[in-house]
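Bear in mind these aren't lab numbers, they're just calculated from the coordinates by the rules spelled out. Predicted, not measured: the structure shown is a model, and the values here were computed from it. Note that we place each Cβ from the backbone using ideal geometry, even for glycine, and neighbour counts take in every protein chain shown.
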Amino acid sequence: MNTTEDQVLAEQEALLAECKLCKGEKEPETKEAKVEEYEHAVVDGLPVGPASHVLGAPVGRSPWSTGLFSCFGNCGEHFTSDLQVCVLGSFAPCVLYGSNMERLYPGEDGVFMHHCMMYTYLWIVGANLLNMNLAPCISVGSRIALRRKYNLEGNGDCCFTGTGDDESREGCNTVLDVFTHFLCHTCALCQESRELRRRTLHPSYQPYMPMTPPMEQSMTPQM
């Protein structure tokens, strides 16, 4: 009997000790050390996981799909589209520029016609009065907007290897975009058009919605 009572008392004491631990009346030294170490890590702001998942880390820029002088693209699956872009850029750059703006700003009414007419007007005025093409004055904006929208690499990124001064980097890229449009205007328009055609659908594209045929109908004879 004494042995049974001793076992019962021992079990009751063990249960009381566990209840005290749950209430926080007494904790082992190893657990306190782990809690202090965890609090120290949280206060110091130590990153958890790889550095690429840390919030606020710089995002890398995407490369252009084709080069500036890739007249026929990469001669791959987009060869037909790239050939059309090359022909439009050579003989009707106003149409190509209007198409680029239509893809860059979808949903806006009259985008194609407005920019196409504005491009033609500046081209005619510049050719007759100054013997130069003034269309790059407005077309350079499409290159800057396209680069910022899709976070594309700029021509000045090679001069900035660090991740510090983003304003200086963007300013340098903007200046180089202006030089690109004035020195290689047709090639710049074609490169932008190839990039937009690979990333967006034509604004007039309508997805095909298959329709199910109606159920068979029959007429019941009237009595």
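Evaluate the charge dipole of region 76-181 about its Cα centre and quote only its size in Debye, nearest 20, assuming +1 on the Cβ of each Lys and Arg and -1 on the Cβ of each Asp and Glu. Don't skip to the end; give the middle numbers.
Numbers: 6 positive and 12 negative charges, 54 e Å.
Value, rounded to 20: 260 debye.
Contour minus end-to-end for ARG198 and VAL87, with contour as 0.36 nm per residue of separation and end-to-end as the Cα-Cα distance? Provide the component values of the computation, followed by the final result.
Numbers: separation 111, 0.36 × 111 = 39.96 nm, distance 1.75 nm.
Gain in length upon complete extension: 38.2 nm.
Out of region 65-173, which GluC sites (Glu not before Pro) are coil in DSSP terms and have no more than 10 other C-beta atoms within 10 Å? Kindly include the intermediate steps, with their values, before the conclusion.
Details: sites: GLU77, GLU102, GLU108, GLU153, GLU167, GLU170; in loops: GLU77, GLU108, GLU153.
Counting only loop positions with at most 10 other Cβ atoms within 10 Å, the GluC sites (Glu not before Pro) in region 65-173 are GLU77.
As I understand it, the dipole of region 68-158 uses +1 on the Cβ of Lys and Arg and -1 on the Cβ of Asp and Glu, about the Cα centre. Which of ALA92, PHE79, HIS115 lies farthest toward its positive end?
The one lying farthest along the dipole's positive direction is HIS115.
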